[in-house]
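One structure is given here, and the rest of the page talks about it.
The values are calculated or read from the model by the stated rules, or taken from the named source; none is laboratory data. Owing to the predicted nature of the structure, the values given are computational and were not obtained by experimental measurement. Neighbour counts are summed over all protein chains in view; Cβ atoms, including those assigned to glycine, are modelled from backbone coordinates with ideal geometry.
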Amino acid sequence: MASGTALLYDKEMSNYKLLWDDPACAIDVPERLVSSYERLKHYGLLERCVRVPVREATVEEILLIHSKEYLEVVQSTQFMNEEELWKTSQNYDCAFFHPNSYRCARLAAGATLQLVDSVVCGRVRNGMALVRPPGHHSQRNVSNGFCVFNNVAIAAEYARRKHGLQRVLIVDWDIHHGQGIQYAFEEDPSILYFSWHRYEHQEFWPNLKESNYDAVGKGEGTGFNVNVPWNKIGMGNADYIAVFLHVLLPMALEFNPELIIVSAGYDSGIGDPEGRMCATPDCFSHLTHLLMQLAEGKLCVVLEGGYHMRMLSESVCMTVKTLLGDPVPQLYGEMTPCLSAIESIQNVIAAHAPFWNCFMYDKLTTVEEPSTKRESGDACPVPQTVPYPEACTDEAKKADVFLQCHMTELLLSVPPVRTAAVLPPQSLLRGVQVEASTVAVEETEALISNSGVMLVKEEAMLLSLGKTLSLLTKILNKQIRNGIALSPAASLSSVVAVKQSITLGFQKVLCIAFGDVDLGKDFSDDGKTMLLKIGGKQNSEMSISKYHISLSWIEDPPEESSFVFAVLRFILPLAYSYQPDIVFITLGAERSISVKGISLLACFLQGLAEGQTLAVIQDSEAELAEAMAEALTAISVPHFASGTPATTEAVLAIKQERQRLQQQWKLLQCSVN
Ligand code: Q9C
Ligand code: ZN
């Protein structure tokens with residue numbers, strides 16, 4: 001699998017600007033590009049990327065999406081005086097031309113194509129293009145919303161024609177609806193377009209009826225256009241994550257894209273004057289990380305909007321840092337989606353249920369009377385940036401002060417070793433450092449008896465556990481990011497290690513166990529541990545509570561799609577709601593989940609706890625250990641598609657547990673009734 005992250009940037013794209021007074025266009029300033037680039041330099045991210053040169057898109061490439069007449073209009077702006085430029089601009093909604101606009105627009109589209117070439121040909125794994133002008137509003141015949149050529153639409157069409165791709169996913173996290181992309185592909189089933197956008201029941205620009213959730217595509221493309229309208233401002237991290245987990249990712253895994261292109265606007269973040277939303281820069285790390293687990297990691301991120309300089313540049317940095325494989329920071333704030341967001345989620349699922357197996361059993365109807373129309377007690381907060389010192393009414397300034405201190409908290413120390421493993425003598429795992437040190441046998445024995453498990457005097461077991469505990473300490477000390485421990489007694493090892501992590505000072509430990517694992521009876525219900533047992537024998541000793549969760553369904557043979565459903569719509573929402581600071585994955589014998597399924601889960605789980613994951617695996621499971629090593633080192637991304645629906649049994653079991661737990665763990669909720 002390819003490695004490396006491409007970065008595309010040319011200062012030339014900052015060499016055009018608004019030449020007259022127009023408040024609606026004044027926010028698209030050259031500084032947007034320059035400050036993002038300077039920030040990447042500041043964090044030392046630039047030199048870690050592969051610099052790919054920018055080129056101009058050719059006329060043929062532009063004509064993949066735009067008409068000849070429109071291209072000629074844009075070309076003609078090169079030689080216009082200011083008055084002619086102004087006149088031409090007035091033919092469009094929220095557009096402005098400058099003598100250098102044509103050149104920059106060709107570079108923006110060309111940079112996007114260069115990025116797609118680099119990723120599709122495997123010269124890099126992923127990458128980002130910092131471009132200007134943006135693209136997603138522009139259409140066959142029109143410029144719109146600062147956009148001249150539709151960079152992402154051109155690139156998607158190019159990926160199909162030039163590289164023969166059959167399925168491309170476009171994720172538009174800009175806060176405006178990329179109606180230009182929707183129009184280009186609404187009849188096309190080979191391009192799945194997903195966009196969330198500020199909508200406010202059509203009161204927000206561009207005020208289109210077709211930006212609503214019921215625009216699902218047309219003709220052959222029906223079901224391949226996904227709109228998530230936001231009917232309130234103030235949407236934040238929890239709302240965005242909820243939509244990814246409950247809506248986008250299930251569809252994306254079923255669609256099975258060969259490439260993902262992101263229309264990456266950062267006007268969906270806090271402090272932005274256009275979006276007026278609340279997401280913090282760390283949220284973009286998570287969105288990026290979640291998408292990196294699809295399409296075998298082939299992810300092209302392309303800049304669209306973003307008008308708050310600090311928010312924009314810090315978020316660009318978080319995105320690139322994540323593409324490079326750095327640990328993902330903990331998500332900021334309460335993990336509670338607001339009522340209006342849940343209504344939007346429900347509506348999108350209801351609208352798309354006829355076309356997607358993943359929504360087959362949701363059985364949802366649309367919300368006829370949304371809370372935002374009723375003006376009822378929707379608790380969705382208006383942007384309110386938390387700690388700011390001086391009395392200040394300017395939202396942008398508040399966000400500035402907030403980000404100044406928030407970003408210093410996000411600067412994690414990156415452990416020098418990514419993955420280490422406790423292995424039987426003479427064995428190795430690719431890309432993994434073998435853990436050699438161990439804690440003393442007496443100490444190990446003492447910890448076992450303190451843990452309330454039966455003391456086993458078997459030498460191999462004690463040695464494995466001793467090393468596992470040593471590895472755990474190194475994870476705590478940020479010497480190692482994650483680890484794998486092969487044990488002759490996985491169940492016992494993980495019980496002792498989970499208990500020891502609390503003693504060592506971890507605050508919240510998430511333990512997900514598969515197969516015959518006895519998590520014991522004496523984990524207290526104090527919130528320091530969340531135990532999640534999947535499949536295997538029912539554990540009679542384990543009492544059920546909001547922190548002790550057991551999920552099993554009878555399925556023979558086990559369906560991978562049922563497990564994917566459980567991962568996206570149960571396990572990850574729980575994990576994101578709990579916000580652990582270390583994650584254990586315990587794999588006993590007799591597991592009923594496939595190796596692929598478990599590696600997919602392990603990949604996603606690295607978005608939690610800053611990637612501090614410890615997988616404890618029964619030593620007979622060699623194949624699983626290898627797959628786990630690939631997942632934790634990120635040497636490869638498991639290829640995973642789930643076209644078949646989950647089984648009724650699985651969905652019912654999951655829904656029932658979701659009902660029981662959604663009051664406590666709010667990200668589980670995806671409908672209002
Ligand atoms: N009060 C991009 O983000 N503003 N374009 C309309 C609403 C238009 C944004 C005015 C904003 C266009 C790429
Ligand atoms: Zn935008």
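Data overview
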read-out: Cβ pairs under 7 Å, 6+ apart, first in the range 300-317 and in the same structural domain as Ile261 (by TED's automatic domain parsing) and on the phi > 0 side of the Ramachandran plot, second crowded, with 24+ Cβ neighbours inside 10 Å and among the hydrophobic types (A, V, I, L, M, F, W, C); value: Gly306/Leu312
read-out: Extreme residue, farthest from Ala641 (Cα to Cα), among residues of the range 289-310 that are more than 16 Å from ligand 1 (Cβ to nearest atom) and touching a strand residue (DSSP E or B) at 6+ places or on another chain (Cβ under 7 Å); value: Cys300
read-out: Flag if Asp214 is of a type in the set (Asp, Glu) and out of contact with any Ser or Thr (no Cβ under 9 Å at 6 or more places or on another chain); value: no
read-out: Among the candidates Leu33, Leu63, residue that is without any contact (Cβ under 8 Å) to a residue 24 or more places away in the chain, hydrophobic (A, V, I, L, M, F, W, C) and under 18 Å from Pro134 (Cα atoms); value: Leu63
read-out: All positions within the range 619-665 that are of a type outside the set (Gly, Ala, Ser), in a loop (DSSP other than H, G, I, E, B) and over 21 Å from Ile549 (Cα atoms); value: Asp619, Glu621, Ile635, Val637, Pro638, His639, Phe640, Thr644, Pro645
read-out: From Val52, Val34, residue being in contact with a strand residue (DSSP E or B) (Cβ under 8 Å, 6 or more places away or on another chain) and in the same structural domain as Cys147 (by TED's automatic domain parsing); value: Val52
read-out: Residue ID - modelled with the lowest pLDDT, chosen from residues in the range 323-340 that are more than 27 Å from Val302 (Cβ to Cβ) and among the small types (Gly, Ala, Ser); value: Gly333
read-out: Tally, over the range 545-594, of residues that are assigned to a loop (DSSP other than H, G, I, E, B) and under 19 Å from the mean Cα position of the chain (by Cα); value: 3
read-out: Subset of the range 192-241 [in a strand (DSSP E or B) and either free of Cβ contacts under 8 Å to residues at least 12 places away in the same chain or away from ligand 2 (no atom under 16 Å from the Cβ) (or both)]; value: Leu192, Asn225, Val226
read-out: Hits in the range 525-543 (condition: at pLDDT below 85 and either under 32 Å from the mean Cα position of the chain (by Cα) or over 18 Å from Gly588 (Cα atoms) (or both)); value: Gly535, Gly536, Ser543
read-out: Residue within the range 121-137 that is out of contact with any Ser or Thr (no Cβ under 9 Å at 6 or more places or on another chain), assigned by TED's automatic domain parsing to the domain that holds Leu290 and part of a helix (DSSP H, G or I) present; value: no
read-out: Some residue of the range 486-496 being in contact (Cβ under 8 Å) with a residue 24 or more places away in the chain, surrounded by 24 or more Cβ atoms within 10 Å (Cβ to Cβ), at negative phi and not in a helix (DSSP H, G or I); value: yes
read-out: Matching residues, the range 498-515, being closer than 23 Å to Gly466 by Cβ and crowded, with 17+ Cβ neighbours inside 10 Å; value: Val498, Lys499, Gln500, Ser501, Ile502, Phe506, Val509, Cys511, Ala513
read-out: Members of the range 642-671 found to be hydrophobic (A, V, I, L, M, F, W, C) and either surrounded by 15 or more Cβ atoms within 10 Å (Cβ to Cβ) or at pLDDT 95 or above (or both), listed by number; value: Ala646, Ala650, Val651, Ala653, Ile654, Leu661, Trp665, Leu667, Leu668, Cys670
read-out: The range 142-158, residues that are surrounded by fewer than 24 Cβ atoms within 10 Å (Cβ to Cβ) and either closer than 22 Å to Ala641 by Cβ or in contact with a strand residue (DSSP E or B) (Cβ under 7 Å, 6 or more places away or on another chain) (or both); value: Asn144
read-out: Cross-chain or 6+ apart pairs with Cβ under 9 Å, the range 132-146 first and within 23 Å of Leu33 (Cα to Cα), then modelled with pLDDT under 95; value: none
read-out: Residue within the range 607-618 that is part of a loop (DSSP other than H, G, I, E, B), more than 24 Å from Tyr578 (Cα to Cα), assigned by TED's automatic domain parsing to the domain that holds Ala460 and touching a Pro at 6+ places or on another chain (Cβ under 7 Å) present; value: no
